[in-house]
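Encoded as structure tokens, the structure appears first; notes follow it.
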Amino acid sequence: MLHLFALLVAASTAVLIFAGGLVTSTGSGLSVPDWPTTYGWSMFTFPIDKWVGGIFYEHTHRLIASGVGALIMGLAFWLWRAEPRRSVRRLGYLALGAVVTQGILGGITVLWFLPDAISIAHAGLAQLVFCLTISIALLTSPGWKRAYARSGSLTNTHSQPLANDQALQWVAIATTGLIYLQIIVGATMRHTGAGLAIPDFPWAFGRLVPPVWSAAIAIHFAHRVGAVLVCVLALATVAHVLYHHGRRTELRRPSFLLLALLAVQVTLGALTVLSGRDHIINSLHVVTGALVLATSLVLTLRACRPRFAGADAQTVSPGSALPKPAYVGAHA
Amino acid sequence: MIRLFGIGVALAALTAAACGGGQTEPAAPATPPPTVSPVDPATAGNVTGKIAFEGTPPKPTVVRMDSDPNCVQPGVATTDELVTVGEGGGLQNVFVYVKDGLGNLRFPIPSETILLDQKGCHYVPHVFGAQVGQTVEVLNSDQTLHNVHAVPTANQEFNTGQPLAGMKHVHRFSTKEVMVPFKCDVHPWMRAFVGVLDHPYFAVSTADGTFSLKGLPPGTYTVEAWHETLGTQTQMVTIGASENKEISFAFKSAT
């Protein structure tokens, strides 16, 4: 049940990121000038007939954010009460702290008229909150707990010992880190208004490299170069998985998903430019970026699964008489 | 413990310095503006003229206002105000002002309040001028919400909500600035511009493109005409005592 709830929280966070993307894409960030109130009302009693124009996007974003905040609070509480692994409980507390900070950043950016640094930090922290919820969902999953083995410990579906493949771990970590960096560059592009600084695609002013430069063009071009680098690194990771661990379902599935999402993401990026930043396409590009990051994170964590054997043993739960799960004792 | 205390004191001092808490020279009080105009009406002249649009004016774009049903008027297709050209080719909504030439002359702040109305989900007027310190009142005449968001570069930015019809917001700009945009983030098509000056020599071209700068003291001036999409143009003009001069500007589409 805890795992299912964690999945629900992660899915809700993805919806929240899409709603946040809509706010930026429609330029509605300041359509509700006050915070935490909404035109003087409590946000929960703000009349629905007044959800017009840009207010619709900003106000629904705030409401969804409140809901996600409450869900993460519930998740942290549940983990505190029921999760024997200290590291996973701490992830819950971290997610709670992050989502509270995220709410405050969202408020500050409204009250300070959307300063670029705060807005970019708001976008960057949103991805971290999503990553935390995804991590919790993964770490509470039955597959993770049994180390992706049908029986025994630290074995794969074919009862072979899980390879501690350090090459895979490092390339997956690098891919995930680069995707996050790419998202930050994308957020910088969005919030500095550089989304159409290069108006054509796949060329840049008809060339491979822009013939003219400005700060906006440089940020935009960096995002395009970043996309190429992400694709190269992701392909390297997937190739490594398929070549060395092709029979490990828990690695093969996210690898294929990563490729599919990357293809969708690059297409959405191109369409964002070609459509003159259509707000739906633009927001789908934002949330697909988050899904690419989450998929790469799942792949990375699964590749690093053997490293977590020690962490599983830390089941100290102060004030709790919860029994240790069976999978811990198997390899502790 | 002593070290911790020392770090605390250093941090407090740093914070105070960052927040301007340190001792600074008190700013000299600004000289209050005069109550009477320094210009002798007996020798004052006028600059009048017309703003023309050359070529074929762009077709106005219909504004989609269906994101707020309160703004939609059945059977009425509202168009944008980016380039408004009258029948005689006159260009409306051009802000014309004396950019340079008044020297150190200082002028009283007008007591009259300037009204910026939000009516039919549009700002009325679309372009206007105000003096530094003059009262600008922003009124919501609509049965819907607006946020009044001024986005200056030299003055203080503000963003205030007007959820109910009849609500007013009063503002006085502190620094001259041409132009300060107003926008409503609820209704993204709503835009207005105010030229804030420290003198009264400004005008906005009317529907036929004409304008008039009245009561100028004799001298040589740089007159600038500003349009929100067509850019700016300047002209030098010299007027003698009680002289009336005519000048004209011609804008054409950039594309």
Note on the stretch B:100-252, DSSP bridge orientation, antiparallel percent to nearest 5 equals 75 percent
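Treating the beta-carbon of each Lys and Arg as +1 and of each Asp and Glu as -1, no other charges, what is the dipole magnitude of the protein assembly as shown about its Cα centre, to the nearest 20 debye? Numbers along the way, then the final one.
Values: 37 positive and 32 negative charges, 693 e Å.
Value, rounded to 20: 3340 debye.
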Running a GNM on chain A with Cα contacts under 10 Å, which residue among A:Arg224, A:Arg62, A:Arg207 ends up with the highest mean-square fluctuation? A:Arg207
With Cα springs under 10 Å, the Gaussian network model of chain B assigns the largest mean-square fluctuation among B:Val148, B:Val63, B:Val96 to B:Val63
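Specify whether the C-alpha gyration tensor of chain B places it in the rounded, prolate or oblate class, a ≥ b ≥ c being the square roots of the eigenvalues: rounded for a/c under 1.5, otherwise prolate if a/b is larger than b/c and oblate if not.
Values: a/c = 2.23, a/b = 1.24, b/c = 1.79.
Oblate.
Where both partners of a DSSP beta bridge lie in the protein assembly as shown, what percent of those bridges are antiparallel, to the nearest 5?
Values: 48 of 67 bridges.
Around 70 percent antiparallel, to the nearest 5.
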Placing each pseudo-label 7 Å from Cα in the direction of the beta carbon, B:Thr160 and A:Phe77 end up separated by a distance in nanometres of 4.1 nm
At 0.36 nm per residue, and after removing the present C-alpha to C-alpha distance, how many nm does the segment from A:Arg90 to A:Phe256 gain when stretched out fully? 56.7 nm
Show which aspartates and glutamates lie in cross-link reach of B:Lys99 when reach means a straight Cα distance below 15 angstrom and same-chain residues fewer than eight apart are skipped. B:Glu177, B:Asp198, B:Glu224
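Using unit Cβ charges (K, R positive; D, E negative) and no other charged atoms, how large, in debye to the nearest 20, is the dipole of the stretch B:57-127 about its Cα centre?
Details: 5 positive and 8 negative charges, 34 e Å.
In total the dipole reaches around 160 debye.
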Whole-angstrom gap from the stretch B:165-230 to the stretch A:176-249, using each part's C-alpha centre: 43 Å
Among all the aspartates and glutamates, which ones have a C-alpha under 20 Å from B:Lys183's C-alpha, if same-chain residues fewer than 8 places away are not counted? A:Asp34, A:Glu58, A:Asp116, B:Asp66, B:Asp68, B:Asp80, B:Glu81, B:Asp117, B:Glu137, B:Asp142, B:Glu157, B:Glu228
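Taking DSSP loops as anything outside H, G, I, E and B, show the longest stretch in chain B free of GluC sites (Glu not before Pro) there with at most 10 other beta carbons within 10 Å.
Working: sites that count: B:Glu87, B:Glu112.
No qualifying site falls inside B:113-255, the longest such stretch.
What does DSSP give for chain B in terms of the percent of beta bridges that are antiparallel, rounded to the nearest 5? Write out the running numbers ahead of the final one.
Details: 45 of 64 bridges.
Of those bridges, close to 70 percent are antiparallel.
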With the charge dipole of chain A built from beta-carbon charges (+1 for Lys and Arg, -1 for Asp and Glu) about the Cα centre, the Cα from A:Phe201, A:Ala98, A:Leu111 projecting farthest to the positive end belongs to A:Ala98
Could you let me know the centre-to-centre spacing of the stretch A:263-300 and the stretch A:6-26, using Cα atoms, in angstrom? 13 Å
Would you please classify the overall shape of the stretch A:1-140 from the alpha carbon gyration tensor, given that a ≥ b ≥ c denote the square roots of the eigenvalues, rounded means a/c under 1.5, and beyond that prolate means a/b larger than b/c while oblate covers the rest? prolate
Relative contact order (%) - criterion: Cα under 8 Å, at least six apart; region: chain A: 24 percent
Once the piece of chain linking A:Leu111 and A:Ala239 is laid out straight, how much longer is it, given 0.36 nm per residue of separation minus the C-alpha distance between them? 41.4 nm
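How big is the dipole moment of the stretch A:147-309 about its Cα centre under a simple scheme where the beta carbon of each Lys and Arg is +1, that of each Asp and Glu is -1, and everything else is neutral? Debye, nearest 20, please. Provide the component values of the computation, followed by the final result.
Values: 12 positive and 4 negative charges, 87 e Å.
So the magnitude is around 420 debye.
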Compactness of chain A - radius of gyration and Dmax, Cα, Å: 21.4, 67
Given a Förster radius of 45 Å and the C-beta distance between B:Thr222 and A:Val15 as r, what FRET efficiency does 1/(1 + (r/R0)^6) yield to the nearest 0.05? 0.20
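How fast does the protein assembly as shown diffuse by Stokes-Einstein, in µm²/s, taking the Kirkwood radius from C-alpha pairs at 10 °C and 1.306 mPa s?
Numbers: Rh = 28.5 Å.
D = 56 µm²/s.
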Once both labels are modelled 7 Å past Cα along the beta-carbon direction, what's the B:Lys119-A:Ser66 spacing in nm? 3.7 nm
Computed, not fitted: 222 nm per-residue ellipticity of the protein assembly as shown from DSSP H runs ≥ 4 (each -39500 (n - 2.57)), nearest 500, equal to -14500 deg cm²/dmol
Selected from A:Gly54, A:Gly269, A:Gly195 as most flexible by GNM, with chain A as the system and alpha-carbon contacts under 10 Å: A:Gly54
Chymotrypsin sites (Phe, Trp or Tyr not before Pro) within the stretch A:205-257: which are DSSP loop residues with at most 16 other Cβ atoms inside 10 Å? A:Phe205, A:Trp213
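Every read-out reported here was derived from the displayed coordinates using simple, explicitly stated rules and does not represent laboratory data. Bear in mind that the values here come from a model prediction, so they are computed numbers and not experimental data. Backbone-built Cβ (ideal geometry, glycine too); neighbour counts: all protein chains shown.
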